[in-house]
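**Student:** Below is a structure I'd like to ask you about.
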Amino acid sequence: IMDIVMVFRNTRQQTKDSGIYQLETISGELESTINDAENLTMELAIASREYLGNKEQLGNFIYTKKAELLNDDNGVFNVFISGKDWDIIPDFDVPEGFVATDRVWYKGAIKNNGKTYVTAPYQDAMTGNICYTVSVMLGDGQTVLGIDYTMENIQGHITQMYESGSRNAVIITDEGIIAGCANEALIGEKLINALPDYAGIWSLSKTTDGVVTARIKADYLYDNLFATQSGNGWYLIVSEGD
């Protein structure tokens with residue numbers, strides 16, 4: 001009996017260590033990807049300043065940069081720029097009532113006063129895909145350049161890490177939408193509907209600093225859940241089976 005208890009305790013500790021390690025790995029990958037996106041957005045914002053006095057040249061610059069970036073493996077799928085009463089958003093059929101200055105990427109960039117602003121993951125109105133936007137205010141205090149990024153780089157990392165199927169990893173928005181998951185079919189679904197057993201630890205991670213843990217029943221054994229809040233409205237959950 002003592003041997004069984006010792007094995008159980010050692011296994012539980014190994015499971016805990018593995019879960020925290022996986023959580024830190026995904027969190028680090030996420031941070032690195034966002035940093036790269038912020039750097040690229042800032043580079044384009046600096047380059048666009050010389051065209052602010054000529055909307056035609058500015059439009060050519062935006063369209064050209066979008067075409068270039070779509071050919072790179074960086075997750076970019078749109079580049080745009082907006083001022084107080086104008087905007088240049090390539091390939092976007094602007095719906096009635098759309099006001100760029102009311103969008104979160106514009107307001108966030110203005111409030112950040114020249115520092116890059118990263119939105120929480122959301123469902124893009126143009127493509128329907130889960131994405132996030134990085135934006136920055138230019139020196140005139142009114143113009144904002146933004147770049148939309150897909151979740152493909154993060155999703156690829158999650159899929160590779162959990163391809164065996166014995167573990168799970170989920171990235172969740174502040175609104176409870178699954179932005180990345182080992183099961184790609186669940187991306188875009190509400191967490192409470194797709195993975196209701198994870199809703200409790202997600203809620204706990206929203207009000208707790210650091211890593212939170214929980215155990216849920218999985219057939220005859222248990223899954224050990226680990227969750228933490230990342231920056232910019234991202235939440236990460238990983239699971240390790242007994």
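The values are calculated or read from the model by the stated rules, or taken from the named source; none is laboratory data. Since we're looking at a predicted model, the values are computed, not measured. Here the Cβ positions follow ideal geometry from the backbone for every residue, glycine too, while neighbour counts run over all protein chains shown. Each accessible area value is taken on the protein alone, full model and side chains, heavy atoms only, with ligands, DNA and RNA left out. Shrake-Rupley method; radii C 1.70, N 1.55, O 1.52, S 1.80 Å.
**Student:** Given the structure, is A100 touching a Phe, Trp or Tyr at 6+ places or on another chain (Cβ under 6 Å) and of a type in the set (G, A, S)? I'd like the intermediate steps shown before the answer.
**Tutor:** Details: touching a Phe, Trp or Tyr at 6+ places or on another chain (Cβ under 6 Å): yes; of a type in the set (G, A, S): yes.
Criteria met by A100.
**Student:** Go through (1) more than 14 Å from the chain's Cα centre (by Cα); (2) assigned to a strand (DSSP E or B) one by one and return the number of the condition I171 breaks.
**Tutor:** Here I171 clears every test but (1).
**Student:** Restricting to segment 34-55, count the residues that are open to solvent by 50 Å² or more (accessible area, probe 1.4 Å) and either aliphatic (A, V, I, L, M) or within 14 Å of P90 (Cα to Cα) (or both).
**Tutor:** At the first step, the residues of segment 34-55 found to be open to solvent by 50 Å² or more (accessible area, probe 1.4 Å) are 35-36, 39, 42-43, 46, 49-51, 53-55.
So of that shortlist, the ones also either aliphatic (A, V, I, L, M) or within 14 Å of P90 (Cα to Cα) (or both) come out as 42, 46, 55.
Number satisfying all stated conditions: 3.
**Student:** Looking at (1) out of contact with any Ser or Thr (no Cβ under 9 Å at 6 or more places or on another chain); (2) free of Cβ contacts under 8 Å to residues at least 60 places away in the same chain; (3) closer than 21 Å to E29 by Cβ, can you tell me which one N129 breaks?
**Tutor:** All conditions pass for N129, except number (1).
**Student:** Any idea which residue in segment 130-162 is nearest to Q22 (Cα to Cα), counting only those that are open to solvent by 10 Å² or more (accessible area, probe 1.4 Å) and hydrophobic (A, V, I, L, M, F, W, C)?
**Tutor:** Only one residue fits best here, namely M161.
**Student:** Which is open to solvent by less than 80 Å² (accessible area, probe 1.4 Å), assigned to a strand (DSSP E or B) and either within 23 Å of D124 (Cβ to Cβ) or at pLDDT below 85 (or both), of A214, A179, A227?
**Tutor:** Values: A214 fails: either within 23 Å of D124 (Cβ to Cβ) or at pLDDT below 85 (or both); A227 fails: either within 23 Å of D124 (Cβ to Cβ) or at pLDDT below 85 (or both).
Answer to the selection: A179.
**Student:** Please state which one of L191, L186, L204 is surrounded by fewer than 16 Cβ atoms within 10 Å (Cβ to Cβ) and free of Cβ contacts under 8 Å to residues at least 40 places away in the same chain. Outline the logic, then answer.
**Tutor:** Values: L191 fails: surrounded by fewer than 16 Cβ atoms within 10 Å (Cβ to Cβ); L186 fails: surrounded by fewer than 16 Cβ atoms within 10 Å (Cβ to Cβ).
Only one candidate qualifies: L204.
**Student:** Can E31 be described as under 14 Å from I147 (Cα atoms) and open to solvent by 90 Å² or more (accessible area, probe 1.4 Å)?
**Tutor:** Numbers: under 14 Å from I147 (Cα atoms): no; open to solvent by 90 Å² or more (accessible area, probe 1.4 Å): yes.
Considered against the rule, which asks whether it is under 14 Å from I147 (Cα atoms) and open to solvent by 90 Å² or more (accessible area, probe 1.4 Å), E31 comes out as no.
**Student:** So, one more: For segment 97-129, what are the residues that are open to solvent by 60 Å² or more (accessible area, probe 1.4 Å) and assigned to a loop (DSSP other than H, G, I, E, B)?
**Tutor:** Of everything in segment 97-129, those that are open to solvent by 60 Å² or more (accessible area, probe 1.4 Å) and assigned to a loop (DSSP other than H, G, I, E, B) turn out to be G97, V99, R103, N113, K115, A125, M126, T127, N129.
**Student:** Please find, among V94, V79, the residue that is β-branched (V, I, T), open to solvent by less than 80 Å² (accessible area, probe 1.4 Å) and in a loop (DSSP other than H, G, I, E, B). Explain how you work it out, then say what you get.
**Tutor:** On the way: V79 fails: in a loop (DSSP other than H, G, I, E, B).
Testing whether each residue is β-branched (V, I, T), open to solvent by less than 80 Å² (accessible area, probe 1.4 Å) and in a loop (DSSP other than H, G, I, E, B) leaves just V94.
**Student:** In segment 179-197, which residues are in contact with a Lys or Arg (Cβ under 9 Å, 6 or more places away or on another chain) and within 15 Å of N153 (Cα to Cα)? Write out each step before concluding.
**Tutor:** We begin by selecting, within segment 179-197, every residue in contact with a Lys or Arg (Cβ under 9 Å, 6 or more places away or on another chain); these are 182, 197.
Result: A182, single match.
**Student:** If L58 satisfies all but one of (1) at pLDDT 95 or above; (2) surrounded by 16 or more Cβ atoms within 10 Å (Cβ to Cβ); (3) out of contact with any Phe, Trp or Tyr (no Cβ under 6 Å at 6 or more places or on another chain), what's the number of the condition it fails?
**Tutor:** In the conditions (1) at pLDDT 95 or above; (2) surrounded by 16 or more Cβ atoms within 10 Å (Cβ to Cβ); (3) out of contact with any Phe, Trp or Tyr (no Cβ under 6 Å at 6 or more places or on another chain), L58 misses (3) alone.
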